[in-house]
Amino acid sequence: LLHTFKLGYGQTYYWTVSAYYGSGNYSAAASGGKFTVAGTQGSITPILTYPIGGAIIYSQSPTLSWYVNGSTTGIVNYKVVYSTNSNMTPNTTVSPVSNQSYHVTGLLVPGATYYWKVAAYNGTAYSSYSSTGTFVVSTSANPKVVVPLAGSPIHGVGITESSVMISWVIPIKTSGSLTYKLQYSTNPDMSNAVTVAGIKNPYQIVNDLQTGKTYYWRVRSSNDNGLYSSYSGVGKFVKNAVTAVENNKTVIPTKFSVSQNYPNPFNPSTIIKYALPQASHVTIKIYNMLGQEVKMLVNSDRSAGTYQVQWNGESDFGRKVASGAYIYRVVAGNNIVTKKMILLK
């Protein structure tokens, strides 16, 4: 027989059982046993339900929902954090939230992409944050302007190329054509920024950057009537010198790694870099979002070292593939890494 109870994490429980014969008669209790529920309440991590996955929300005051996969015994409340930046800085933090949903007060920015996450609180400590959900705020099916999403380079990635392609994404379709205004600066607050206006494509090549400097950038869109969106989140990259070589010997990587392709989004081509700490047989394949193989980029043995391979947006049959999201999968020995990239045309 089986009976289910809600138990508390970190608690020790004692149990026993008796047989019932009817008419109020029970057998003697069995010797029973004891057990402890592993973990702590802080180990309970909320799971986001909606809105996630870049869902388009036709409300400036949406309701965010989540659940806990397990017992909620001991959970006092929740903390909700949301931001228009993927690194959650700056952000809005709401605590305490007593239910497994939160109705956003105030109005979110139309056309903006929001990132959000949740942590549970047991009165003493917070759990780990949930995974990060994303959604886009829209006031109509075809908004006039949309806040761009920073594409690449971001997250402080090092760039050695003399010309840097800065690219971004428009997450939803607009009612008309857009142009863009890009700003980049060596100051995090974007002071003394260089401004490039009237950009017609979702990317811009920037030259004459100073080696060793950290750059910050952001972009906004405008329509034919001169209506501007808010700025995107701030991207960050470091303009590096060419990879160092010592005593005419290339530095051998200490661990396997695969970099995010650059640029991303891209048009017409992009670079995938990977590092091998030891000799391995390497395969790199491109897949569409249906899981169908599109292109075999690499299928050969490689010595230890750092490599890069270019994809020009063509299939194995030499045909240009459609715009959209693609997956690249790098296999080197027992190491497997998959990453997502976006082709824009």
Can you pull out every residue in segment 60-70 that is modelled with pLDDT of 90 or more and part of a loop (DSSP other than H, G, I, E, B)?
Q60, S61, P62
Looking only at segment 191-223, which residues are aliphatic (A, V, I, L, M) and either not assigned by TED's automatic domain parsing to the domain that holds W168 or not in a loop (DSSP other than H, G, I, E, B) (or both)?
V194, V196, A197, I199, I205, V206, V219
Go through (1) over 22 Å from G156 (Cα atoms); (2) of a type in the set (S, T, Y); (3) at pLDDT below 90 and name the single condition S222 misses.
(3)
Output the residues belonging to segment 82-108 that are loosely packed, with under 12 Cβ neighbours inside 10 Å and assigned to a loop (DSSP other than H, G, I, E, B).
T89, P90, S98, N99, T105, G106, L107
Can you report the number of residues in segment 272-284 which are within 20 Å of the chain's Cα centre (by Cα) and of a type in the set (A, V, I, L, M)?
1
Failed item, numbered, when A19 is tested on (1) of a type in the set (G, A, S); (2) modelled with pLDDT of 75 or more; (3) surrounded by 15 or more Cβ atoms within 10 Å (Cβ to Cβ):
(3)
Going through segment 308-345 one residue at a time, which ones are polar (S, T, N, Q) and within 17 Å of the chain's Cα centre (by Cα)?
T338
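Conditions (1) under 20 Å from the mean Cα position of the chain (by Cα); (2) more than 27 Å from P153 (Cβ to Cβ); (3) at pLDDT 90 or above, marked per residue:
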{"site": "T72", "(1), (2), (3)": "no, yes, no"}
{"site": "S83", "(1), (2), (3)": "yes, no, yes"}
{"site": "S95", "(1), (2), (3)": "no, yes, yes"}
{"site": "V104", "(1), (2), (3)": "no, yes, yes"}
Search result, residues across segment 89-102 that are more than 18 Å from N69 (Cβ to Cβ) and touching a residue at least 40 places away in the same chain (Cβ under 8 Å)
none
Please verify whether segment 109-129 includes one or more residues that are buried (at least 18 other Cβ atoms within 10 Å of the Cβ), within 26 Å of Y215 (Cα to Cα), among the β-branched types (V, I, T) and not assigned by TED's automatic domain parsing to the domain that holds V219.
yes
With criteria (1) surrounded by fewer than 18 Cβ atoms within 10 Å (Cβ to Cβ); (2) over 30 Å from I272 (Cβ atoms); (3) of a type in the set (A, V, I, L, M), V157 comes up short on (2)
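Scan segment 265-275 and tell me whether some residue there is over 23 Å from T160 (Cα atoms), among the charged types (D, E, K, R) and either surrounded by 12 or more Cβ atoms within 10 Å (Cβ to Cβ) or touching a Leu at 6+ places or on another chain (Cβ under 7 Å) (or both). First the steps, then the outcome.
At the first step, the residues of segment 265-275 found to be over 23 Å from T160 (Cα atoms) are none.
Within segment 265-275, not a single residue is over 23 Å from T160 (Cα atoms), among the charged types (D, E, K, R) and either surrounded by 12 or more Cβ atoms within 10 Å (Cβ to Cβ) or touching a Leu at 6+ places or on another chain (Cβ under 7 Å) (or both).
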Cross-chain or 6+ apart pairs with Cβ under 7 Å, segment 128-146 first and modelled with pLDDT of 85 or more, then polar (S, T, N, Q)
S128/T45; S130/T45; T134/T113; V136/T113; V137/Q60; V146/T174; V146/S221; V146/S229
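Evaluate the following for S280: is it modelled with pLDDT of 90 or more, hydroxyl-bearing (S, T, Y) and in contact with a Lys or Arg (Cβ under 8 Å, 6 or more places away or on another chain)?
Working: modelled with pLDDT of 90 or more: yes; hydroxyl-bearing (S, T, Y): yes; in contact with a Lys or Arg (Cβ under 8 Å, 6 or more places away or on another chain): yes.
Yes, satisfied.
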Scan segment 130-165 for residues that are of a type in the set (A, V, I, L, M, F, W, C), within 22 Å of L209 (Cβ to Cβ) and not in a strand (DSSP E or B) and report the count.
1
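Can you find, within segment 290-314, the residue that is surrounded by the most Cβ atoms within 10 Å (Cβ to Cβ) among those that are of a type in the set (A, V, I, L, M) and assigned to a strand (DSSP E or B)?
To start, the set of residues in segment 290-314 that are of a type in the set (A, V, I, L, M) comprises 290, 294, 296-298, 304, 309.
From what's left, assigned to a strand (DSSP E or B): 294, 296-298, 309.
Numbers: V294: 21, M296: 12, L297: 18, V298: 17, V309: 16.
Within segment 290-314, the match that is surrounded by the most Cβ atoms within 10 Å (Cβ to Cβ) is V294.
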Within segment 274-320, track down each residue that is touching a residue at least 60 places away in the same chain (Cβ under 8 Å) and farther than 18 Å from P253 by Cα.
none
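The values are calculated or read from the model by the stated rules, or taken from the named source; none is laboratory data. Source: prediction; values computed, not measured. A quick note on method: Cβ atoms are made from the backbone with ideal geometry, for glycine too, and the neighbour counts reach across all protein chains shown.
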